[in-house]
Amino acid sequence: MKPIGYLLNRTDKALTGYMNHMLEEFGLTRTAWQVLNLVHDTPGIADKEVLTNLAANAGSAVLNGTIDTVLADDWAYRPAPGRLALTPDGSRRLTDVAARVDAFRELSTTGISLDEYRTTVRVLERISRNLETATSTSC
């Protein structure tokens, strides 16, 4: 049996590679989609909150660059300094992207029951919590 770290890295690379390829026609990457999805769910979100919420997905330099890109590509705008919201066109385009992301999710979970998926998520959350707790108490 392969170590869990190896499988997590392999899975993340597969997810990122497939999503980047799939989203390329929209001019997006997985990271850009994550930023836009967060902005969609929290209109007017502060850049700092984007960086905090997505810190596990990418470093601040990548996230700041991605924010600049979604602004330049008219997916988002600044309703106030340091805050992000979707443009009307960005909102419409994100709806088009959502159909592709739904198909991606279906493909990636083919042959996996909802119970198996939920168990996997719970186990990964527990592993993360165990290690984060150990790190915070041992440092």
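The values are calculated or read from the model by the stated rules, or taken from the named source; none is laboratory data. In this text, all values refer to a predicted model and were calculated from it rather than measured experimentally. Neighbour counts run over all protein chains shown; Cβ positions are idealised from the backbone, glycine included. Areas reflect the complete protein model, heavy atoms only, side chains present, ligands, DNA and RNA absent. Shrake-Rupley method; radii C 1.70, N 1.55, O 1.52, S 1.80 Å.
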Subject >> segment 3-134: relative contact order as a whole-number percent, Cα under 8 Å and 6+ apart >> reply: 20
**OP:** Leaving ligands, DNA and RNA out of it, work out the accessible area of ASP74 with a 1.4 Å probe and give it in Å² to the nearest 10.
**Re:** 80
Original post:
If you roll a 1.4 Å probe over segment 53-98 with all protein chains in place, what percent of the accessible area is carbon or sulfur?
Top reply: 53
Subject >> Simple label model, 7 Å out from Cα along Cβ direction - SER91 to SER113, nm >> reply: 4.1
Original post:
Taking the structure as given and computing volume of the Cα convex hull per residue in Å³, which label from [x] 140; [y] 186; [z] 148 fits?
Top reply: [x]
Original post:
Using Cα-only point scatterers and the Debye equation, what is log10 of I(q)/I(0) for segment 1-73 at each q in 0.12, 0.20 Å⁻¹, rounded to two decimals?
Top reply: -0.37, -0.88
Original post:
Dipole of the chain, Cα-centred, from +1 at each Lys and Arg C-beta and -1 at each Asp and Glu C-beta, to the nearest 20 debye?
Top reply: 420
**OP:** Can you tell me the FRET efficiency between LEU71 and HIS21 if r is taken as the Cβ-Cβ distance and R0 is 30 Å, rounded to the nearest 0.05?
**Re:** 0.80
Original post:
Efficiency by 1/(1 + (r/R0)^6): what FRET value for ILE4 and LYS48, r their Cβ-Cβ distance, R0 = 30 Å, to the nearest 0.05?
Top reply: 0.40
Subject >> Degrees separating the helix 60-72 axis from the principal Cα axis of the chain, which is the longest one >> reply: 40
Subject >> Per residue, in Å², the accessible surface of the chain once ligands and nucleic acids are set aside, probe 1.4 Å >> reply: 67
